[in-house]
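Read the figures in this text as sums done on the coordinates, not as results from a lab. Note that the coordinates shown come from a computational prediction; the quantities given were computed from them, not determined experimentally. Cβ coordinates were reconstructed from backbone atoms using ideal geometry, including for glycine residues, and neighbour counts include every protein chain displayed.
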Amino acid sequence: MSLFVDKLKRLLPKELIIADEELLRAYECDALSAYRQLPSYVVMPESVDQVQAIMRLCHQENVPVVARGAGTGLSGGAMPVEDGLLLSLAKFNQIVHLDPDQRIATVQPGVRNISVSEAVEKYGLFYAPDPSSQIACTIGGNVAENSGGVHCLKYGLTVHNILAVKLITVTGELLEIGADSLDSAGYDLLALMTGSEGMLGVIVEVTLKLISKPLNNRVLLAAFDEIEEAGKGVADIIASGIIPAGLEMMDNGVIKAVEDYLHAGYPVNAAAILICEVDGAEEEVDEECRKVKAILEVAGASDVRVARNKEEGDKFWEGRKSAFPAVGRIAADYYCMDGTIPRKHIGSVLNRIDELAKQYKLGVVNVFHAGDGNLHPLILYDVSIEGELERAEELGGKILEVCVEVGGTITGEHGVGIEKINQMCVQFNAEELVQFHAIKNAFDPKGLLNPGKAIPTLNRCAEFGAMHIHRGELPHPDLERF
Amino acid sequence: MPLCIQGGNSKAFYGRKIEAEQFDVSANSGVISYEPTELVITVRAGTTISEINEVLANHDQMLAFEPPCFSTTATAGGMVACGLSGPRRPYVGAVRDFVLGIKCLNGKAEILNFGGQVMKNVAGYDVSRLMTGAMGTLGVLLEVSLKVLPTPDYELTLKGEADDATAINLMNQWAGQSVPLSAASFYDNNIFIRLSGHRNAVIAAASQLQFSEYSDGEHYWQSLRDHEHDFFSDNKKLWRLSVPSTTKPMNLHGQWFIEWGGALRWLKTSEPVEQVRRVVSMAGGHATLFRGGNQNDDVFHPLSAGIGNLHLALKNAFDPKKILNRGRLYKEF
């Protein structure tokens, strides 16, 4: 490795190379802090040429490379690998080009998600994917994870909102994938790159699609005495032909925790609440709001409130956005799961989770993207009580098995990373996993890019993992998590 | 033995000609599941697009990307394999944006499932979308799950006069201004636009634009989608040019039909192939010899060396013996 660092120093100014153990500590994990690994070196290139040179060297020397943006990922995708190089793209933080007429923005991967929408607000445009960590997370990571957000029900995920990427291959070649046109010749490599968790290449530039900001929006909050009725309300809204901008659910456990924490005026006796946001032209918002209210009442809502103004709407949302820190106050530790299920199973799956929780003698509370069927069950436990951690992990596994069983998936938006790598064996059979490895091999025959993540080897189908939170201490505690 | 996968045989004119045993997969048809509240339909690949449209219409839902039906036999498998989308594409997304999952056979005759029936799914590489538009070179599609959307409450087509440069400007401006556009085209000094959404919102938006209502809108957009419009009726060589939407009128002689708000341009021209490709490349787009060209030559825009190598490697990953539709997309694979 010492020879390697000498070669590295020939490619980069020494201030862009971190080798000191104290400083390396900052990079040993992403927001899934239960999994840690110290990298051998961290490099912080400033130019595409430098990234290419680094990749060429690593390829020649067989040194594994893990790319990293802001490190806000929840599945350990940016955790370093032993004897590997951590490639930080933090210095790639410029918006390269804005074209309001064509409604595109070309940005470097280290640009923070929210700064894109901030930069184009004056043109009446925005960048739609809005993961909860949007004030910190970066576009490169969003592409690597195919990030969603509260508004992806209506406006789509990252894959629906990008036009092109510039990619550095494992051998250091610069490739342009996609274009400013709406499609490109040949295979849809842009889709393949999106959500590939840094396994296929290093992204050094992204062209984003911008859309016009809706003129108006309004928020509704509905309370239900039965969780099935809330589930039915979700299905009935969609069946009526309305696609809300956001449609979120919280169960009683979360409602109480949030109310204790924030005093947002939530109905603490409700079994569940739904928060629904509609947007569009004024006429459209009026009509949808009226329809949604009626639908939720028919579905069995005991109370439906329509925000009278922006402040009240923000208040409805505030509780939802504070759910994770609020839950952190009621339990010593919690696991956050990330399964997606068909909407019709929301009520029954929540009941099964409840039964499982009783069986494992652990609490589970739920707060999630109901409109997309993307669940985030939070399993409450206390690591200091012997056996609870193991029981919580096993329960998490059972919950994800239920998701797969009803036709869903083990991860809706957090990615597989290192965290859910074992559960990939539940969702995919051996031939499918072999096909994934063949794709990886087409891009990276030596297996140097983010090795050991996302796709398990065939002999690795054992225990399940989840997001470990100790004493409510989230990495990046300043970020909303929802 | 190489195979030429065939569904409804409605797009035999599209892509390169190949010498291979016909593999008729059209009998694998039928809707497997459809639940309107899930906004998902799962069909066997041989199911016709017209059958899917009918099933969805009964529940006021639709394939929002408006897939072209060049014949009533066109199937879901061909729709996904060719990756073509209709007039609504720039405003709601393309077929690849609505593909949620697939079941397929790879070149080793293994049955594989990727993606699923849920809206959000980041487990594993996105093979479903990789297959979309791959012209059957990576696998034989057996089943597809597609996201569907509610049919808009109300639609209105407006018509106005303009020259091509003005039309391109206007179509781009409106797209950035919360106008509820769902289609925008230009041909023969006429702009046609379609507005979709809530009745009152559509009427309010229409009143802001100085265009007149066009009563035969539904037929117009269908004829554009399925190439039944007069522009497409002769047998001239037809180019499909996919370019940035704001691209100015291009310096190629011939007859033009602009749609997708400027992002898709159909061209009938006698200009040499190389010249068309050169001009379109300069504009940042790609040119497909859609119909009527020499199908033994390159039909799709040539790939750069690096991207071409990745294509070969991916073909090898799915179909190492190059059995499936070899040469349909590019000569080498």
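Kindly put B:Lys147, A:Lys453, A:Lys7 in sequence by how many other C-beta atoms sit within 10 Å of each C-beta, fewest to most.
Working: B:Lys147 20, A:Lys453 23, A:Lys7 14.
Lowest to highest Cβ neighbour count: A:Lys7, B:Lys147, A:Lys453.
Checking the Cα-Cα distances for B:Lys11/B:Lys237; A:Lys154/A:Lys213; A:Lys154/A:Lys344; A:Lys154/A:Lys315 against a 20 Å cut-off, the pairs over it are A:Lys154/A:Lys315. Between B:Thr157, B:Thr288, B:Thr246, the residue with the greatest mean-square fluctuation in the GNM of chain B (Cα pairs under 10 Å linked by springs) is B:Thr246.
What does the charge count near B:Gly217 come to, summing +1 for each Lys or Arg and -1 for each Asp or Glu among other residues with Cβ under 10 Å from its Cβ? Please list the in-between numbers first.
Details: positive: B:Lys159, B:Arg194; negative: B:Glu155, B:Glu213, B:Asp216, B:Glu218.
Value of the local net charge: -2.
What is the fewest-to-most order of B:Phe211, B:Phe70 by other Cβ atoms lying within 10 Å of their Cβ? Could you put the intermediate results ahead of the total?
Working: B:Phe211 18, B:Phe70 22.
Going from sparsest to densest Cβ surroundings: B:Phe211, B:Phe70.
Placing pseudo-labels 7 Å out from each Cα toward the beta carbon at B:Ile203 and A:Asp6 gives an inter-label distance of 8.1 nm. Helices of chain B meeting both criteria, an alpha-carbon length of 30 angstrom or more along the long axis and an average Kyte-Doolittle score not below 1.0, with helices taken as full DSSP H segments, do not occur. Taking label positions 7 Å along the Cα-Cβ direction at both A:Glu355 and A:Glu22, the computed distance is 5.7 nm, reported to one decimal.
Loop-located trypsin sites (Lys or Arg not before Pro) in the range A:300-338 (DSSP state other than H, G, I, E, B) with a sparse environment of at most 11 neighbouring Cβ atoms within 10 Å: A:Arg308.
Mean residue ellipticity at 222 nm, helices only, chain A: -10000 deg cm²/dmol; runs of at least 4 DSSP H residues each add -39,500 (n - 2.57), and the sum is divided by the number of residues.
Checking the table A:Lys310/B:Lys147; A:Lys291/A:Lys398; A:Lys440/B:Lys108; A:Lys166/A:Lys209; A:Lys440/B:Lys103 against a 26 Å threshold on Cα-Cα, which pairs fail? Distance filter (> 26 Å) returns A:Lys310/B:Lys147; A:Lys291/A:Lys398.
In a fully extended conformation the segment linking A:Ile114 and A:Asp225 would gain 36.3 nm over its present Cα-Cα distance, using 0.36 nm per residue. Can you list the residues of the range B:223-256 with backbone N under 12 Å from a point 7 Å past the Cα of B:Ser270, pointing along Cα to Cβ? Inside the label zone: B:237, B:254. Of all aspartates and glutamates in the structure, the ones whose alpha carbon falls short of 13 Å from that of B:Lys331, not counting any fewer than 8 places away in one chain, are B:Glu19, B:Asp297, B:Asp298. Neighbour counts of other Cβ atoms within 10 Å put B:Arg89, A:Arg112 in the fewest-to-most order A:Arg112, B:Arg89.
Placing a label point 7 Å from the Cα of A:Glu318 along the Cα-to-Cβ line, the residues of the range A:263-294 whose backbone N sits under 14 Å from it are A:263-266.
In chain B, a dipole from Cβ-located charges (positive for Lys and Arg, negative for Asp and Glu) runs towards its positive end, and of B:Pro87, B:Asn121, B:Phe70 it is B:Asn121 whose Cα lies farthest in that direction.
Exposure here means at most 13 other Cβ atoms within 10 Å; with GluC sites (Glu not before Pro) in a DSSP loop as sites, the longest stretch of chain B lacking them is B:20-331.
Calculated FRET efficiency, B:Gln22 and B:Asp234, Cβ-Cβ r, R0 30 Å, to nearest 0.05? It comes to 0.55.
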